[in-house]
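Here is the structure we will look at.
The values are calculated or read from the model by the stated rules, or taken from the named source; none is laboratory data. None of these values were measured; they are calculated from a predicted model. Cβ placement follows ideal geometry from the backbone for every residue including glycine, while neighbour counts extend to all protein chains displayed. Please note that ligands, DNA and RNA were not included when accessible areas were found on the heavy atoms of the full protein model with its side chains. Shrake-Rupley method; radii C 1.70, N 1.55, O 1.52, S 1.80 Å.
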Amino acid sequence: PLTIATVNNGDMIRMQGLTDDFTKNNPDIKLEWVTLEENVLRQRVTQDIATKGGQFDVMTIGTYEVPIWGKQGWLVSLNDLPADYDVDDLLPAIRSGLTVDGELYAAPFYGESSMVMYRKDLMEKAGMEMPDAPTWDDIKKAAEAMTDKDNEVYGICLRGKAGWGENMAFLTAMSNSYGARWFDEDWKPQFDSDAWKATLTDYLDMMNKYGPPGAASNGFNENLALFQQGKCGMWIDATVAASFVTNPKDSTVADKVGFALAPDKGLGKRGNWLWAWSLGIPAGTDAEDAAKKFVAWATSKAYTELVASKEGWANVPPGTRQSLYDNPEYQKVPFAKMTLESINSADPTNPTVDPVPYTGVQFVAIPEFAGIATQVGQEFSAALAGQQSAEEALQKAQTLTAEEMEAAGY
């Protein structure tokens, strides 16, 4: 059997429901699924690949892991996918993040940036209009105007749950637009800078005044549920959420959602990230050919058409192929254009206002980052929970990052 480890996001759960299409053409390949929450998935696949455990044949991995693991020889090269896979159709921003020294080490299942999703009806009621390219001041004013706590409507919902890919993805992207960075060019941590102080202070201020209660435990899925229940005026998060908030089956506000680019501070960078959930094959697999067949199927143009035929174009996995955005049917989807613009505006090789020695927009592509950023995320989450001030959280972040980086030999 082919054992596939994946994250419990909606698009992956949909994929599991459509695998008959794959198995009827490949009757000799039996699929076994291990579906896990994001933080748990990362732990399990990282442990397995680092120890060459051989537990999984296909893994759902992110843009952070691929270049690091590819360099270490832990992933199988996908340069020999069949010609009809059309690798040149992959969006350059996404493909370059999955390529090391000319070798493609993972195939993107969906790509995303982040953007503002907002309630058009609540903005109208407040007598306001959301610009296509808002500033953080615009966001703050809109959050204030839309908040109605007596009726459980919160002007802004943002991630607060600790994790390098949870609250730190949002806060790092936000900090880029504020002129902050994780490290200067000598790898010295920058949490003691004014730019980081402004970032965290503004975030806490917005969340405390206009955010939902208990936000320190809200990640992507929790905020999605709140937005679908009509409890958020705005949510700044993954572009991939657009199909879920506009789906009338799940969302009570499906016909009332507008989209805008992630905010900026006028410094030339927006607060949006760049990510792909991709399928990679660990070098330790004993089922390489079957794994490649599956990866090619799940990330192909044909899979996109399969989803469209069953669930409509709005629900196909977004953000990986130019052909999708050239498709007149897909161009009718209300969030298609904003998603593509957001993805194209993110630059992992030049993510910040001031120069940095690392690549990655909402992460730093070094092996130590996941551990360090998870600890920093815990400090920032504790500040959101009211257990410490922004200053205390930043001071702890600075100290622990400096210690870990020194220990790692930077």
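At-a-glance table
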item: Arg181 - accessible surface, heavy atoms, 1.4 Å probe, Å² rounded to 10; result: 40 Å²
item: Size of charge dipole - region 46-170 - debye, nearest 20, with Cβ of Lys, Arg +1 and Asp, Glu -1, no other charges; result: 520 debye
item: Distance from region 180-230 to region 312-338 (C-alpha centre basis), Å; result: 30 Å
item: Rel. contact order, % - alpha carbon contacts under 8 angstrom, at least six apart, region 233-324; result: 16 percent
item: Listed residues Tyr118, Tyr303 arranged by accessible area, highest first, probe 1.4 Å; result: Tyr118, Tyr303
item: Accessible surface of the chain [probe 1.4 Å, protein heavy atoms]: carbon and sulfur percent; result: 47 percent
item: Accessible area in the full protein assembly, largest first, 1.4 Å probe, for Tyr410, Tyr325; result: Tyr410, Tyr325
item: Relative contact order (percent, whole number), the chain, Cα cutoff 8 Å, 6+ residue spacing; result: 25 percent
item: Helix-only [θ]222 nm of the chain, DSSP H runs n ≥ 4, -39500 (n - 2.57) each, per residue, nearest 500; result: -12000 deg cm²/dmol
item: Gap separating the Cα centres of region 81-123 and region 358-393, nearest whole Å; result: 25 Å
item: Point-charge dipole on Cβ atoms (K/R +1, D/E -1) for the chain, about Cα centre, debye to 20; result: 720 debye
item: At most 15 other Cβ within 10 Å, DSSP loop - GluC sites (Glu not before Pro), region 60-140; result: Glu129
item: Of Thr352, Tyr203, Gly284, farthest towards positive along the dipole that unit charges on Lys, Arg, Asp, Glu beta carbons give the chain; result: Tyr203
item: The chain - accessible surface per residue (Å², probe 1.4 Å); result: 39 Å²
item: Fraction of antiparallel bridges per DSSP, the chain only, in percent to nearest 5; result: 70 percent
item: Cβ-based charge dipole, region 268-410, positive-most Cα from Ala402, Gly268, Pro328; result: Pro328
item: Listed pairs Lys140/Lys256; Lys209/Lys269; Lys249/Lys310; Lys120/Lys337; Lys125/Lys332; Lys120/Lys332 exceeding 23 Å between Cα atoms; result: Lys209/Lys269; Lys125/Lys332
item: Taking region 276-347 and dividing mean pair separation by its residue count, relative contact order in percent (alpha carbons under 8 Å, at least six apart); result: 16 percent
item: Most to least accessible of Thr199, Thr359 (protein chains only, probe 1.4 Å); result: Thr359, Thr199
